[in-house]
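The values are calculated or read from the model by the stated rules, or taken from the named source; none is laboratory data. Treat the numbers as computed from the prediction; the structure is a model and nothing was measured. Note that we place each Cβ from the backbone using ideal geometry, even for glycine, and neighbour counts take in every protein chain shown. Each accessible area value is taken on the protein alone, full model and side chains, heavy atoms only, with ligands, DNA and RNA left out. Shrake-Rupley method; radii C 1.70, N 1.55, O 1.52, S 1.80 Å.
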Amino acid sequence: MMVIKRRKTRQVRIGAVKIGGNAPVSIQSMAKTDTADVDATVRQIKALEREGCEIIRVAVKDMFSARALSKIKAGINIPLVADIHFHFQLALEAIARGVDGLRLNPGNIYRYRELKQVVKAARKRKIPIRVGVNSGSVREPESRRAGESKSQADWMIKSALDYIRILEGLDFYNIIVSLKSSDVMVTVDSYRKMAGLCNYPFHLGVTAAGLPEQARIKSAIGIGGLLLRGIGDTVRVSLTGNPREEVKTARQILQSLGARYFEPEIIACPTCGRTQVDVVKIAQEVKKRLNNRQCSLNGKKPLRVAIMGCMVNGPGEARDADIGLAAGKKSGAVFIKGKRIRRVREEEMVDELLKEINRIVI
Ligand code: SF4
């Protein structure tokens, strides 16, 4: 598999999770509960932890939310980031309540005197600030009002760079950057250009990507396209629905690129008129019985299981996988690490594959 050369960045920590440098690309999500409702928020974050979420962000919309942060932090196991807009006092309260990171929006917290206080408190607690530019809330600069023409990506970059300069002017470098647009092309364009302009780690995401069906595709193209170019250090899939879907999608994007692995990879043919066994049922049953186990032959790559419906592409895929099945008429050949080992009947296929998987994986 092609190895992706990652962009060199500074390394920043959110709690115990390293972002950038050589750290693995981490997965984030955002709670969708009212942050002031501590029980509901902790419950949702715990469910996300079980799904594989590594950093969680919560919306801090008022002082009730800000004051709930210490209790939320005490109830969860992953780093907590406060998402702040409009009111710098909420950032100060969030820091006092022990959050592991802040997201500030240059579009609505920009007064120097206020920012200076937030930076001073963040530095004292050694927590990072994400400069989180969003296409929906880019502050309109004087020059734009005066008619200067730039692309949306360029305005987003300008907004981030101006903010970064202020933070750097305050001797603060514990920075993560995001440049999210609901448009995939603008998102990709923004991050690509920004990659050449600073060495801070990037939080990737396509914002407001929509309902799950659409959001998964937009995120896979936007986030995946950037990761393929070595750009991106932590990711958040944004979708209108259960945040567990965000985490699942992020994991699938990372695994598809070979950046991380979380579950066995099932290679299965789409079936056609040649198929003479129930490939769909067999693939689903194998996946279910593997139950997201982190199976691997070497501890570094996911186990690859091929389930193929006929002898056209079946033997080739089955041989290339760690374990494979090339089916024929109501029976099929099992392959392990490239060698054909025996023939099995259709009703034995799932059990035989599972038996061999349990024998060879670590
Ligand atoms: Fe059809 Fe065979 Fe290809 Fe499956 S592997 S889609 S059965 S030709």
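On the principal axes of its Cα set, how long, how wide and how thick is the chain? Give whole Å, largest value first.
So the extents along the principal axes, rounded to whole Å, are 75, 46, 33.
Considering only DSSP beta bridges whose two residues both sit in the chain, what percent are antiparallel, to the nearest 5?
Around 30 percent antiparallel, to the nearest 5.
Using the structure shown, list the pairs from Lys300/Lys337; Lys32/Lys73; Lys124/Lys180; Lys126/Lys180; Lys61/Lys248 with a Cα-Cα distance above 18 Å, or answer none.
Lys124/Lys180; Lys126/Lys180; Lys61/Lys248
Please build a GNM for the chain, connecting alpha carbons under 10 Å apart, and tell me which residue among Ala91, Ala16, Ala153 fluctuates the most.
Ala16
What number comes out for accessible area per residue over the chain if the probe is 1.4 Å? Units Å², please.
Spelled out: the 1.4 Å probe surface of the chain, per residue, equals 47 Å².
Leaving out same-chain residues fewer than 8 places away, which aspartates and glutamates sit with a Cα under 17 Å from that of Lys288?
Glu51, Glu263, Glu265, Asp278, Glu347, Glu348, Asp351, Glu352, Glu356
Under a plain spin-label model, where a point goes 7 Å from the Cα along Cα-to-Cβ, how far apart in nm are Lys355 and Lys32?
Roughly 4.4 nm, to one decimal.
Please report, as a whole percent, how much of the solvent-accessible surface of the chain comes from carbon and sulfur atoms (probe radius 1.4 Å).
Ligands and nucleic acids excluded, carbon and sulfur give 50 percent.
For the chain, with only Lys/Arg (+1) and Asp/Glu (-1) charged at the beta-carbon, what is the dipole magnitude about the Cα centre, in debye rounded to 20?
Values: 64 positive and 37 negative charges, 196 e Å.
So the magnitude is around 940 debye.
Estimate the FRET efficiency between Gln89 and Met2 by the formula 1/(1 + (r/R0)^6), using the beta-carbon distance for r and 51 Å for R0, to the nearest 0.05. Don't skip to the answer; put the middle values down first.
Working: r = 48 Å, r/R0 = 0.95.
With a Förster radius of 51 Å, E is 0.60.
Compute the signed sum of charges (Lys and Arg +1, Asp and Glu -1) over the other residues within less than 12 Å, Cβ to Cβ, of Lys329.
+3
Name the residue, out of Arg192, Arg113, Arg57, whose mean-square fluctuation peaks in a Gaussian network model built on the chain with Cα pairs under 10 Å.
Arg113
Going by average Cβ neighbours within 10 Å, how do the peptides 127-138, 254-265, 17-28, 270-281 rank, with the highest at the top?
So the order, starting with the most tightly packed, is 127-138, 17-28, 254-265, 270-281.
How would you order 161-173, 94-106 from highest to lowest mean count of nearby Cβ atoms within 10 Å?
94-106, 161-173
Can you run phi through the Karplus equation (6.51, -1.76, 1.60; θ = phi - 60°) for the stretch 119-136 and list ³J(HN,Hα) in whole Hz, with x for Gly and Pro?
Values, residue by residue: 4, 4, 5, 5, 5, 4, 8, 6, 10, x, 10, 8, 7, x, 7, 10, 4, x Hz.
What translational diffusion coefficient, in µm²/s and rounded to a whole number, does the Stokes-Einstein relation yield for the stretch 4-71 at 25 °C and a viscosity of 0.890 mPa s, taking the hydrodynamic radius as the Kirkwood radius over Cα pairs? Walk me through the numbers on the way to the answer.
Numbers: Rh = 13.5 Å.
Calculated translational D: 182 µm²/s.
If a paramagnetic tag sat 7 Å from the Cα of Arg50 along the Cα-Cβ line, which residues of the stretch 245-260 would have the backbone N under 14 Å from that point?
245
Need the list of aspartates and glutamates near Lys8 for cross-linking: C-alpha distance under 16 angstrom, and skip anything on the same chain fewer than eight residues off.
Candidates past the 8-residue exclusion: Asp233.
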